[in-house]
1. What distance in nm separates the simple spin-label points at ASP22 and MET1, each placed 7 Å from Cα in the Cβ direction?
2. What distance in nm separates the two pseudo spin-label positions at LEU15 and CYS44, each 7 Å out from Cα along the beta-carbon direction?
3. Taking the Cα centre of the stretch 2-42 as the origin, how large is its charge dipole in debye, to the nearest 20, when only Lys and Arg (+1) and Asp and Glu (-1) carry charge on their Cβ atoms?
4. What number results when the radius of gyration of the stretch 2-42, computed over Cα atoms, is divided by 2.2 N^0.38 Å?
5. If amide hydrogens are placed 1.01 Å from N in the peptide plane, which non-local residues have theirs closer than 5 Å to the one on VAL11?
Amino acid sequence: MLDWGTKRGAVEIQLTSKPSPDMTGRLQKTTDLIGAERRVLLCCSVRTIETDRLRW
C-alpha cells in the first residue's frame, strides 16, 4: 500500500508471466478494503489482462 496522505494506492508484484484472474481479484478486494483509488499489478507479461470490471 502506498499512502500519499489524501490518496492511497495498492501495488502487487508477481514473478509470473501468466497472471491469473485470481491475482487481479485479490488485488481488487484489497484495494476495496483499504479504500485505495489506484491499483497496480506488476508482472512479466506482454498481454493486456481484462476482467469484467477492470482493464489491467
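Taken together, the values in this text are just the output of simple stated rules run on the coordinates, not laboratory data. Quick caveat: nothing in here was measured; it's all calculated off a predicted structure. Here the Cβ is made from the backbone with ideal geometry for all residues, glycine too, and neighbour counts use every protein chain on show.
1. With each label point 7 Å from Cα toward Cβ, the separation is 2.4 nm.
2. 0.9
3. 60
4. Dividing the Cα radius of gyration by 2.2 N^0.38 Å gives 1.19.
5. LEU2, VAL40
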